[in-house]
Amino acid sequence: MSEPTRPARVEDVLAGARIGLDRLGPRAAQRAAENGALLVDIRYQLQRERDGVIPGAVLIERNELEWRLDPQGSHKIPEATDHGRRVVVICNEGYASSLAAASLRQLGLHRATDLEGGFQAWRAEGLPVGR
């Protein structure tokens, strides 16, 4: 009998998800948005209410992300225009967003990436935050 495969640790899954992601810092994400990238905030409502939101970011909780951004899907948002659109996923600190961006890439959104450091890095950089 063969030995069972050792389960992956979340750190290993995260590292694998980040392979190929061109992760953006806060200022680069802001510039990307100014050039047509779609900023997508996947934080929980409680976090958004507590800390604020990035003006212009689309709010989609994580459990709906793939359904809303699949350009071929029946539940897509109007901003999900094509597979080539640059999408920058934002979570609170830049961990869940990497996993989410990797998932979007599996759907063919080959320019999907995430915000390094998440919303907290954006706010720490002094970039605009709204309510």
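I need the full set of residues from region 1-22 which are in a loop (DSSP other than H, G, I, E, B) and open to solvent by less than 50 Å² (accessible area, probe 1.4 Å), in order please. I'd like the intermediate steps shown before the answer.
Let us first name the residues in region 1-22 that are in a loop (DSSP other than H, G, I, E, B), namely 1-9, 19-22.
Listed by number, the list holds a single entry, Leu21.
If I go through region 110-129 residue by residue, how many of them are of a type in the set (A, V, I, L, M) and under 17 Å from Ala96 (Cα atoms)? Show your work before the answer.
Quick first cut of region 110-129, residues of a type in the set (A, V, I, L, M) only: 112, 115, 121, 124, 127, 129.
Subset that is under 17 Å from Ala96 (Cα atoms): 112, 115, 121.
Number satisfying all stated conditions: 3.
For region 49-63, how many residues are under 11 Å from the mean Cα position of the chain (by Cα) and of a type in the set (Lys, Arg)?
1
Name every residue in region 69-124 that is among the charged types (D, E, K, R) and open to solvent by 30 Å² or more (accessible area, probe 1.4 Å), in order of residue number. Show your work before the answer.
Narrowing region 69-124 to residues among the charged types (D, E, K, R): 70, 76, 79, 82, 85-86, 93, 105, 111, 114, 116, 123.
Listed by number, the residues that qualify are Asp70, Lys76, Glu79, Asp82, Arg85, Arg86, Glu93, Arg105, Arg111, Glu116, Arg123.
Only residues that are outside any loop (DSSP other than H, G, I, E, B) and over 10 Å from Val88 (Cα atoms): list them for region 31-44, please.
The initial filter retains those residues of region 31-44 that are outside any loop (DSSP other than H, G, I, E, B), namely 31-34, 38-41.
Arg31, Glu34, listed by residue number.
Can you tell me which residue is farthest from Gly126 (Cα to Cα) among those in region 29-58 that are free of Cβ contacts under 8 Å to residues at least 24 places away in the same chain and surrounded by 15 or more Cβ atoms within 10 Å (Cβ to Cβ)?
Val58
The values are calculated or read from the model by the stated rules, or taken from the named source; none is laboratory data. Keep in mind it's a predicted model, so treat the numbers as computed, not measured. So basically every Cβ, Gly included, is an ideal-geometry build from the backbone, and we count neighbours across all protein chains shown. Heavy atoms of the whole protein, side chains included, go into the accessibility calculation; ligands, DNA and RNA do not. Shrake-Rupley method; radii C 1.70, N 1.55, O 1.52, S 1.80 Å.
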